[in-house]
Amino acid sequence: MNADQFSIEPIELGRRTADTSLFLYLTDPGTPIAIAYRVWVLRSATRTLLVDTGPPLQEAKRRGLTHVIDVVAALANAGIDANQVDTILLTHLHWDHAANADRFPKATFYAQRREIEFFRSHSRQHPAIDRFFSHQAYLASLIDNGRIREIDGDVTLPGGLEALKVGGHTPGSQMFCVPTPAGEAIITGDAIPLHRNYLERIPSGILTDVFEAVAALEQVALRRPALIYTGHDVESHLRL
């Protein structure tokens, strides 16, 4: 493996049954669907980093997840010491993607500037929106202490990774383009939560801007990646 190529290892941390329409906009309401929760481990010849933190264990159980695994134990099974992880890229700040940050005491986290602004805003505090967040005070302290740092727009990151700001699901949702031996892979987060979202061009059912959510689908299609890793599909990736 070349230094500028990464392997991607999805680490599943739990599952839940949800209403399909929460993940596929206005589609099949009342139909149950299985949803998986993960972190993604990126490894190159020179470094290891994570995308997202996964859900906090007790919060996951409170919200009805089953087969829940603590992220520290799950990463240890993959040969990774969570205490030594130094870089975590956050697709967005929802509870199941960012609120487990305290399990990584040495990590610096990276989120879009617009996501951080939204997190701090009065709009985020509305109950209809804030229900998708948890550990708000703790995340705010990480922002204040500089451990959650800003990415502003589309940015090339060390190792040839690219962050793409797409919004839609949340105002600052971002995806990550990853060079792999099989070609470009895109970790979509909840901008594209299920494979079906991409295949049928259906935006997420949880969103702040439906037009941005549609544009995110098209942006991925235009890049013609070899693989996509969607946010919650029970199948870890889709080969295109």
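The values are calculated or read from the model by the stated rules, or taken from the named source; none is laboratory data. What you are looking at is a predicted structure, and each value in this text was computed from that prediction instead of being measured. In this analysis, Cβ positions are derived from the backbone assuming ideal geometry, glycine residues included, and neighbour counts consider all displayed protein chains. Quick note on the areas: whole protein, heavy atoms, side chains included, nothing else; ligands and nucleic acids left out. Shrake-Rupley method; radii C 1.70, N 1.55, O 1.52, S 1.80 Å.
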Review point. Could you give every pair whose Cβ atoms fall below 6 Å, whose first residue belongs to region 83-100 and is under 18 Å from Gly159 (Cβ atoms) and free of Cβ contacts under 8 Å to residues at least 40 places away in the same chain, and whose second residue is open to solvent by less than 10 Å² (accessible area, probe 1.4 Å) and of a type in the set (D, E, K, R), counting only separations of at least 6 or pairs across chains?
Key: none
Check your understanding: Of the conditions (1) assigned to a loop (DSSP other than H, G, I, E, B); (2) within 16 Å of the chain's Cα centre (by Cα), Phe176 fails just one. Which one is it?
Key -> (1)
Practice item. Starting from residues that are crowded, with 23+ Cβ neighbours inside 10 Å and of a type in the set (Gly, Ala, Ser), keep the ones in region 216-232 and report whichever is farthest from Gly54 (Cα to Cα). Key: Ala216
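Kindly establish whether Asn77 is closer than 23 Å to Arg16 by Cα, open to solvent by less than 10 Å² (accessible area, probe 1.4 Å) and modelled with pLDDT of 95 or more. Give the steps one after another, and end with the answer.
Values: closer than 23 Å to Arg16 by Cα: yes; open to solvent by less than 10 Å² (accessible area, probe 1.4 Å): no; modelled with pLDDT of 95 or more: yes.
Judged against the criteria, Asn77 is not a match.
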Check your understanding: Got at least one residue in region 150-158 being at pLDDT 95 or above, closer than 17 Å to Asp86 by Cα and either within 16 Å of the chain's Cα centre (by Cα) or open to solvent by 20 Å² or more (accessible area, probe 1.4 Å) (or both)?
Key -> yes
Check your understanding: Considering region 1-19 alone, what residues qualify as being buried (at least 17 other Cβ atoms within 10 Å of the Cβ), over 21 Å from His92 (Cα atoms) and without any contact (Cβ under 8 Å) to a residue 60 or more places away in the chain?
Key -> none
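Does Gly146 count as at positive phi and at pLDDT below 95?
It is false that Gly146 is at positive phi and at pLDDT below 95.
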Check your understanding: Which of the residues spanning region 139-149 are without any contact (Cβ under 8 Å) to a residue 40 or more places away in the chain and of a type outside the set (A, V, I, L, M)?
Key -> Ser141, Asp144, Asn145, Gly146
Review point. Which one of these does Arg120 not meet: (1) open to solvent by less than 60 Å² (accessible area, probe 1.4 Å); (2) more than 25 Å from Thr66 (Cα to Cα)?
Key: (1)
Review point. With (1) open to solvent by 50 Å² or more (accessible area, probe 1.4 Å); (2) part of a strand (DSSP E or B) as the list, and Pro29 as the residue in question, which single condition is left unmet?
Key: (2)
